[in-house]
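Encoded as structure tokens, the structure appears first; notes follow it.
The values are calculated or read from the model by the stated rules, or taken from the named source; none is laboratory data. In this text the structure is predicted, and so the values were computed from the model without any measurement. Reconstructed Cβ throughout: ideal geometry from the backbone, glycine too, with neighbour counts over all protein chains shown.
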Amino acid sequence: MKTRWLKTTATDASRFQQQLSVARCRELIRSQTGRLAGAGLLLALFLLWETAVRLTDTPVYLVPAPSDILADLAVNLPHLLSAGLVTLAEALAGLVLGTAVGLGLAILITFWGRLEQGVMSLAILIKSTPIIAIAPILTIWLGFGHAPKVIITALLTFFPVLINALSGFRSADPAVLDYLHSLNASPQEIFILVRWPSARPYLFAALKVAAPLAMIGAVVAEWMGASSGLGRQMWLAYTNLDMPALFAAVFVLTLLSTAVYQSVVLLEKRFLFWQPNS
Amino acid sequence: MLHATPIHLENVSKSFEGSNGRLDVLDGINLDIRPGEFVSIVGPSGCGKSTLLRLVAALDTPTSGQIWLNGQPPLALRAQKEIGWMAQKPALLPWRTILDNVRLPQQVNRQASSQPSAPTESLLKMMGLADFAAAYPHTLSGGMQQRAALARTLASNAAVWLMDEPFSALDELTRQALADEMLAIWQKYRPTVLWVTHHIPEAVKLSDRLVLLTQRPSHISGIVPVDLPRPRDDTSTSFQAVVRQARTILQKGAV
Ligand SMILES: Nc1ncnc2c1ncn2[C@@H]1O[C@H](COP(=O)(O)OP(=O)(O)O)[C@@H](O)[C@H]1O
Ligand SMILES: [Mg+2]
């Protein structure tokens, strides 16, 4: 009697398990539909590209077909990836520097409001100067090493961080600020306890903009003269009119930029748990 | 806690300079509040109740007149962490658990730290929040959040509690439950309480006296003592009589 009871529950349980896993599969498919659709679209685009290039007999030095690019990648991927790592390292170093400068200036303005106008005018001046004009100058001054890349990336990324951090520090809830003032909290305590945490969503928004910008900054700086990096690979391919190699480099750059962006998104999810809809 | 802190307001006026001229909000408020007294401030919306409370908390300064808390200016008492502030919004830090939020007043301005009234954990237990100690504010109902804010005010162990319509955003039942708890807390610890509300029965239920303000620029139109033993039955005729008395004075001041 007892065993039979056990048996039925066991089969029931397994049936239940089955239903559960079917449901879970459906759930998974539903949650992945957007991603699948995106991948499908991309694939369709590549197919269209391939057929268009073949049908019109476009020479490879104008527009390479995806198959040409794949062929190049098959050979050069390790090479491109190691160049990509150089660019990535420069971009991240520049991003860290730019973020530190942007954050530092925002903190300065938060504590000493009267500095705001001076600092902001200077920041806007730097931001408005075209990077493409500064890059060669820095390369002449600092050579083909990593320094000019890091500086250019920092110049490109500090501004969004500065603006967002400032808005973030000011976004602190007035009711919470009143409460802390009622405890006679010092400006430093208010900054650490309220302003900094309030600014975190803004900082992540800034990083989402600045991280891809950092990759662009590093590559542009490398175009101006570099001994290594993706930008240099692109420049070499460009001067040789080797379009498949150029596209392959672009492909690796896009891949790395996306990875950087997704890392920021992951970090954001980890740190902004208290935000109801993020 | 500095026990027995009287509040003394002498001819306090406040005006705001705005883009479209001067706005006179408070016009010569004179008021003496006894140590440990529970006083409600009742008046029409926009008459300056919050403004008055902010002046007492040193969150703003009067245009003219003097405020003394235990013979000292508000800023001095605030520096000693003897001000307990609570407003309509719970103003909890969303990235801190309820326990850490209630601990906040003990972590700020440490050089003035007085002993907490009780360990934070037992405070939470007393306020019915023990199960929510590790929860984050956004997972709690509005009533529970305000309960946590009340626990936080309690944890700061201040001599003067300034409370600006703390329960007016809550539903009627929650509001009554919290008002009862507030009363029990006040009777246990006896801080001096300045309680702003526009809800006359709530004021009569809780306070020793009602201070009634007129329309802006406001002055005191009347002070109604409530000489009824606590807990008060809001259906009794004596209770209703006090409510009616306050309402009559308020209506006169509102025109
Ligand atoms: N910081 C301020 N600047 C200008 N006007 C203010 C300020 N604070 C309050 N007021 C004005 O003062 C009046 C009284 O406001 P408040 O004290 O909040 O009223 P209550 O709390 O009684 O509803 C309102 O007209 C309001 O607009
Ligand atoms: Mg108000």
For the stretch B:33-58, give me the residue count where each residue is within 16 Å of ligand 1 (Cβ to nearest atom), assigned to a loop (DSSP other than H, G, I, E, B), more than 12 Å from B:LYS14 (Cβ to Cβ) and touching a Lys or Arg at 6+ places or on another chain (Cβ under 9 Å).
5
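Show me the helices (runs of 4 or more DSSP H) found entirely inside the stretch B:74-161 where at least 3 residues are at the interface with another protein chain (Cβ under 10 Å from one of its Cβ atoms) and of a type in the set (A, V, I, L, M).
Filter on the stretch B:74-161 gives B:74-79.
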Hits in the stretch A:85-117 - residues which are at pLDDT 95 or above and of a type in the set (Gly, Ala, Ser)
A:ALA89, A:ALA91, A:ALA93, A:GLY94, A:GLY98, A:ALA100, A:GLY102, A:GLY104, A:ALA106
Against the definition (modelled with pLDDT of 90 or more and either under 30 Å from B:ALA76 (Cβ atoms) or among the small types (Gly, Ala, Ser) (or both)), how does B:ARG147 come out, yes or no?
no
For A:GLY229, state whether it is on the phi > 0 side of the Ramachandran plot, touching a residue at least 24 places away in the same chain (Cβ under 8 Å) and surrounded by 22 or more Cβ atoms within 10 Å (Cβ to Cβ).
yes
Restricting the search to the stretch B:4-29, which residues are over 26 Å from B:GLN187 (Cα atoms), part of a strand (DSSP E or B) and away from ligand 2 (no atom under 16 Å from the Cβ)?
B:GLU10, B:ASN11, B:VAL12, B:SER13, B:SER15, B:GLU17, B:GLY18, B:GLY21, B:ARG22, B:ASP24, B:ASP27, B:GLY28
Only one of these conditions is not met by A:GLN188: (1) more than 14 Å from chain B (Cβ to nearest Cβ); (2) assigned to a helix (DSSP H, G or I). Which number is it?
(1)
Let me confirm something: among A:PHE169, A:PHE158, which residue is away from chain B (no Cβ under 14 Å), buried (at least 20 other Cβ atoms within 10 Å of the Cβ) and under 30 Å from B:PRO74 (Cβ atoms)?
A:PHE169
In the stretch B:166-222, anything crowded, with 19+ Cβ neighbours inside 10 Å, within 16 Å of ligand 2 (Cβ to nearest atom) and assigned to a loop (DSSP other than H, G, I, E, B) is listed as B:PRO166, B:PHE167, B:LEU170, B:THR214
Of the numbered conditions (1) modelled with pLDDT of 75 or more; (2) over 30 Å from A:LEU62 (Cβ atoms), A:PHE16 fails exactly one; give the number of that condition.
(1)
In this structure, is A:SER182 hydroxyl-bearing (Ser, Thr, Tyr), crowded, with 22+ Cβ neighbours inside 10 Å and either under 30 Å from A:GLU268 (Cβ atoms) or at pLDDT 95 or above (or both)?
yes
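In the stretch B:196-221, how many residues are among the polar types (S, T, N, Q) and over 16 Å from the mean Cα position of the chain (by Cα)?
4
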Members of the stretch B:1-30 that are touching a helix residue (DSSP H, G or I) at 6+ places or on another chain (Cβ under 9 Å) and within 16 Å of ligand 1 (Cβ to nearest atom)
B:LEU9, B:VAL12, B:LYS14, B:PHE16, B:VAL25, B:LEU26, B:ILE29
The one condition in (1) over 27 Å from A:MET215 (Cβ atoms); (2) more than 9 Å from chain B (Cβ to nearest Cβ); (3) not small (Gly, Ala, Ser) that A:LEU180 fails to fulfil:
(2)
